[in-house]
Amino acid sequence: MAGSRWLLCADGEWPPASVWEPLSQVCETIVGVDGGTDAALSRNIPVTLATGDFDSITDSQIERVSLPNQNASDLDKTLNYAAENGAEVVDIVGIEGGEIDHQLGVFAALIEAPPELEICMHMTEHVVMRCLDELELVLDEGTQLSLFAFTPCANVSISGVEFPLEDEPLAFSTRGLHNVALGGPIQIESDGALVVVISAH
C-alpha cells in the first residue's frame, strides 16, 4: 500500500488533539496497531488498516493485516510492514504509559526499525527521533534536547547547541542529557544509533 507518510496509532496514552489531529490530516496511510485501532476510531481518525492479533479491535469493517511473529512486538512488526509497503516517514502516537517493559520496547522498536524510515514519536511533553548517521533539526532558541546512545558510538558530533560535541565517543549514559538549542539549524552525526528527545514546550 503506497503512501510516503504513515501514522501509526498505538494503544497507550495519547498526546493532546493539537498533536495528533494535524498528523491524521497529512498522513496518507493511518494504521491502528492492534488496540490502537479503537483508540484512533474513538477520535474519529479514518483508519486505513489494522495490524496485530486483533484481540482488541471492535470494528469488523477495518482491513486487517496479520503479521505473525512472536519474537517481535506489534509496533516493531508494523514498522517493518510500513517500510515494505512504501512508507518513507512514519509518525507514531499512543505510546506513553503502561508497564516499564512496554515503554522500553517502544524505544527498542525505534532502534530496530528499517534504517530507511524517518520516524518521529509524538508524546505529550516530547518528540522522539533517531539518528543512525545524520540528522538535521531546526529548533527555537532555548528548546531542550537530549541524546542517548542506544549502541556504542565512537564518533558523535552535534552543533547548534549550548554544549556541542565533535567526533566524541558516547555510550548509554547521562552525558547527552539536557542540551539547549541556540536557535537555527542543529546538525547531529553519529556512527551508531542515537535517540534524540526534544522538549515539545
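The values are calculated or read from the model by the stated rules, or taken from the named source; none is laboratory data. Since the model is a prediction, treat every value here as computed from it, not as a measurement. Note that each Cβ is placed from the backbone with ideal geometry, even for glycine, and that neighbours are counted across all protein chains shown.
Could you please find all residues in region 165-177 being over 20 Å from the mean Cα position of the chain (by Cα) and either in the same structural domain as Pro115 (by TED's automatic domain parsing) or not in a strand (DSSP E or B) (or both)?
Ala171, Ser173, Thr174, Arg175
Are any of the residues in region 26-33 at pLDDT below 85 and under 24 Å from Phe107 (Cβ atoms)? No: zero hits. Between residues in region 107-133 that are assigned to a strand (DSSP E or B) and residues that are among the hydroxyl-bearing types (Ser, Thr, Tyr) and buried (at least 16 other Cβ atoms within 10 Å of the Cβ), which pairs lie under 7 Å by C-beta distance while being six or more apart or on different chains? Final answer for the pair search is His126/Ser199; Cys131/Ser190.
Only one entry of Ala193, Ala154 meets the criterion of being surrounded by fewer than 20 Cβ atoms within 10 Å (Cβ to Cβ), farther than 25 Å from Trp20 by Cβ and without any contact (Cβ under 8 Å) to a residue 40 or more places away in the chain, and that entry is Ala154. Residues in region 176-190 that are under 14 Å from Asn155 (Cα atoms) and surrounded by 15 or more Cβ atoms within 10 Å (Cβ to Cβ): Gly176, Ile188, Glu189, Ser190. Picking from residues in region 7-28 that are in a loop (DSSP other than H, G, I, E, B) and in contact (Cβ under 8 Å) with a residue 60 or more places away in the chain, the one that is farthest from Asp74 (Cα to Cα) is Pro16. Taking region 125-164 as the range and being closer than 10 Å to Asn179 by Cα and under 16 Å from the mean Cα position of the chain (by Cα) as the test, the residues that pass are Leu145, Ser146, Leu147. Against the condition within 23 Å of Leu67 (Cβ to Cβ), modelled with pLDDT of 95 or more and of a type in the set (Gly, Ala, Ser), how does Ala181 come out, does it pass? For Ala181, the condition - within 23 Å of Leu67 (Cβ to Cβ), modelled with pLDDT of 95 or more and of a type in the set (Gly, Ala, Ser) - is not met.
Scanning region 161-170 for residues that are farther than 14 Å from Ser199 by Cβ and surrounded by 14 or more Cβ atoms within 10 Å (Cβ to Cβ) yields Pro164, Leu165, Pro169, Leu170. Each residue in region 178-194 was checked for being farther than 14 Å from Glu141 by Cα and either in a strand (DSSP E or B) or in contact with a Lys or Arg (Cβ under 6 Å, 6 or more places away or on another chain) (or both), and 5 of them qualify.
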